[in-house]
Amino acid sequence: MKVLNVCLLVVASASFLLATANANAVGAFEDFEAYTDAELEDLYAAELMAMEDEFMGVEQFGFIGSCRKILLAGYKGINGTKCIVEEVANVLLTCTNYVDDLSTCTGNIPKDVQAMLNNAKQMIVTSNKIINMKSELCGSTSRGVVSSTKSVMRCTLKAFWATMSLVRRMNTMIKQGAALPFNTSSCYVNATKKVVDGCNAFVPNINTCIASMT
């Protein structure tokens, strides 16, 4: 049931950006065409600057920078958005399973694993926001051609930056997993390997998914 519910949310979330854009554009597409590429880029830049403080520091990691183009390109289309949200759902399930797996391990949880557990819980929160982007990230009710255009852009940007924040945490998770002491209990090691493998598969799976749709 958990997997089914997540799958339904993936379809709904991936369709939301396109549906929003279509709803705002119907009957006024000529008005959108009146904007030059430069003007649309200015709107995009203005929204990016408006959100800069909220997402300060997201790009300070090298791994994040390498993912930026992939995610930005993906969020430009419905297929790419579907692929990204689908992989975010996989991350959510992987992290949820990690929390469950750790609860079955005996003995006191090592501080290194506790740090990873805390990170996984934050990843679950972020993933949930992305999957439920309609209500969590994109609850705008603005009207008018310009405001609607900016609303779609802002929604896309919020989804993009939220995913970048998730990737930053995945990068941290991968590094934390590699740094576990050699004497860590096999129960914790095996559970950690699964969540690290899930993080490592995130971007390659998005690329494969997008490529399969072209």
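The values are calculated or read from the model by the stated rules, or taken from the named source; none is laboratory data. Keep in mind that this is a model prediction, so the values were computed, not measured. With ideal geometry, Cβ positions are generated from the backbone for all residues, glycine too; neighbour counts draw on all protein chains shown.
What residue, of 158, 193, is over 15 Å from the mean Cα position of the chain (by Cα) and of a type in the set (Lys, Arg)? Walk me through how you get there before you give the answer.
Values: 158 fails: over 15 Å from the mean Cα position of the chain (by Cα).
None of the other options fit; the residue is 193.
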Open item on the list: When you scan region 50-66, do you find a residue that is surrounded by 15 or more Cβ atoms within 10 Å (Cβ to Cβ) and modelled with pLDDT of 80 or more, even just one?
Closed with: no
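At pLDDT 95 or above and either aromatic (Phe, Trp, Tyr) or farther than 15 Å from residue 120 by Cα (or both): is that true of residue 205 in this structure?
On the way: at pLDDT 95 or above: no; either aromatic (Phe, Trp, Tyr) or farther than 15 Å from residue 120 by Cα (or both): yes.
In short, no.
Of all residues being touching a Cys at 6+ places or on another chain (Cβ under 6 Å) and surrounded by 18 or more Cβ atoms within 10 Å (Cβ to Cβ) in region 99-123, which is farthest from residue 165 (Cα to Cα)? Just the residue, please. First the steps, then the outcome.
The initial filter retains those residues of region 99-123 that are touching a Cys at 6+ places or on another chain (Cβ under 6 Å), namely 105, 120, 123.
Next, only the ones that are surrounded by 18 or more Cβ atoms within 10 Å (Cβ to Cβ) stay: 120, 123.
On the way: 120: 13, 123: 9 Å.
Top of the filtered list is 120.
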- [ ] Give the residues of region 156-214 that are closer than 15 Å to residue 112 by Cα, in a helix (DSSP H, G or I) and among the hydroxyl-bearing types (Ser, Thr, Tyr), sorted by residue number.
- [x] 172, 186, 188, 192
Task: Breaking point among (1) surrounded by 15 or more Cβ atoms within 10 Å (Cβ to Cβ); (2) modelled with pLDDT under 90; (3) not aliphatic (A, V, I, L, M), for residue 169 - done: (2)
